[in-house]
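Bear in mind that the values in this text are calculations on the coordinates, not laboratory data. Bear in mind the structure is a predicted one, so any value in this text is a computation, not a measurement. Note that we place each Cβ from the backbone using ideal geometry, even for glycine, and neighbour counts take in every protein chain shown.
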Amino acid sequence: MVFELYAYQLLAFLAYFGTAIFITIAYLILYMWVTPHNEIALIKNNNNAAAIAAIGSLIGFSLPLATIIEQSGTVLDCVVWGSVAIVVQIFVFYLVRLPFPKISERIENSEIASGVWLGGASLLGGIINASCMTG
């Protein structure tokens, strides 16, 4: 009986973990597709602004994803709300560009302030997004 319970919990863990990995990869692909700058190449070239912006975005996305996993009743709920989290984070990127339309160029030029601004705004968007998903 105990073994069956642990086996069920392990399967649930694997299902949610696998779904989270898949959704996160989908987010990264979409995010890197919509941003004019190439985060991976910039980070490989030791561009701190790009690294700060990218990790802020990834953490900002992960916060609502963690909330979704904790509160969802099914893996399908996780996929649906994970998709909403993707849309919100991409919206945040476009919103952040309004006062700084050349933010991608500034990040490419390794301007740390631009990376901090984008990463911080992405993190803030994720916090607000996660909070909205708890209601």
State whether one or more residues within the range 108-120 are in a loop (DSSP other than H, G, I, E, B) and on the phi > 0 side of the Ramachandran plot. yes
Counted residues in the range 1-45 being within 16 Å of VAL87 (Cα to Cα) and free of Cβ contacts under 8 Å to residues at least 24 places away in the same chain come to 5
Scanning the range 97-107 residue by residue, those hydrophobic (A, V, I, L, M, F, W, C), closer than 25 Å to ILE40 by Cβ and outside any helix (DSSP H, G or I) turn out to be PHE100
List every residue pair whose Cβ atoms lie under 8 Å apart, where the two residues are 6 or more positions apart in sequence or sit on different chains, the first residue falls within the range 53-77 and is farther than 30 Å from PHE100 by Cβ, and the second residue, located anywhere, is not in a helix (DSSP H, G or I). GLN71/MET133; GLN71/THR134
